[in-house]
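The values are calculated or read from the model by the stated rules, or taken from the named source; none is laboratory data. All values reported here derive from a predicted model rather than from experimental measurement. Glycine gets a Cβ as well: all are built from the backbone with ideal geometry, and neighbour counts include every protein chain shown.
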Amino acid sequence: MTDEQRAGEVIEACTTNFIAQCYELYQLPPLGGLVRTRDSDLELYGVVYNAITAGLEPGRRPIARGKDELNEEEIFRSSPQLLKLLKSEFSILVIGFKKENKVFQYLPPRPARIHSFVYLCTPEEVKQFSHSFDFLNILLKSRLDILIEELVAATLRQMSQVYGAEKHAFLVTAGKELATLLSSDYGQLKAILKGLKYESTR
């Protein structure tokens, strides 16, 4: 594919999620963004649920260096080595895979491979994947270090961006699916729908 946009490289993986490191600091995909990685005959799909920029050495936190600088850019100009001492990483929850050009919205038979490239999904890939809302089951039942309501709303907002004039219709359909899945948890449903309300009016 000529329009592939590489977001990073897998550095840790298990069945349900994987972590990728960016090649450049702060070049992180958005919260809820749909990404993919290859594993032989599979394309694994996931949504970004966390991101972090920290020092390369575990347990060694960066120290403040800008007391005598006019702005943040001057810190890196005066200490260019800092770029090699920091890293940006993002965590991905696996929500499906593609095999033989067919999309499945449940966990793949094996995890991502270390050093596999991670790509931002193209608008066409997002549309193909979001044709079904079965992935919402995985999102809603996940135990992550983020409010699930925030992640679900962010994911649907990101997906809606590729639908152009049909964005509102996409969000309405997603809202109806959530109403069915969360019929016994009005509080969680209300929180997610509140996160979608602004996007549906843009």
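The table for this structure:
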{"read-out": "Given (1) under 14 Å from the mean Cα position of the chain (by Cα); (2) closer than 20 Å to Thr155 by Cβ, number of the condition Arg6 does not satisfy", "value": "(2)"}
{"read-out": "Leading residue by the ranking (surrounded by the most Cβ atoms within 10 Å (Cβ to Cβ)) among those in the stretch 153-181 that are over 13 Å from Lys197 (Cα atoms) and hydrophobic (A, V, I, L, M, F, W, C)", "value": "Met159"}
{"read-out": "First in the stretch 14-32 and assigned to a strand (DSSP E or B) and modelled with pLDDT of 95 or more, second anywhere and among the acidic types (Asp, Glu) and surrounded by 15 or more Cβ atoms within 10 Å (Cβ to Cβ), Cβ under 9 Å, 6 or more apart", "value": "Ile19/Glu89; Ala20/Glu9; Ala20/Glu89; Gln21/Glu9; Gln21/Glu89"}
{"read-out": "Test: residue in the stretch 147-170 that is out of contact with any helix residue (DSSP H, G or I) (no Cβ under 9 Å at 6 or more places or on another chain), among the β-branched types (Val, Ile, Thr) and under 20 Å from Thr37 (Cβ atoms)", "value": "no"}
{"read-out": "Test: residue in the stretch 48-65 that is among the aliphatic types (A, V, I, L, M) and in contact (Cβ under 8 Å) with a residue 60 or more places away in the chain", "value": "no"}
{"read-out": "Checking Pro62 against (1) surrounded by 14 or more Cβ atoms within 10 Å (Cβ to Cβ); (2) not charged (D, E, K, R); (3) not in a strand (DSSP E or B), the condition it does not meet", "value": "(1)"}
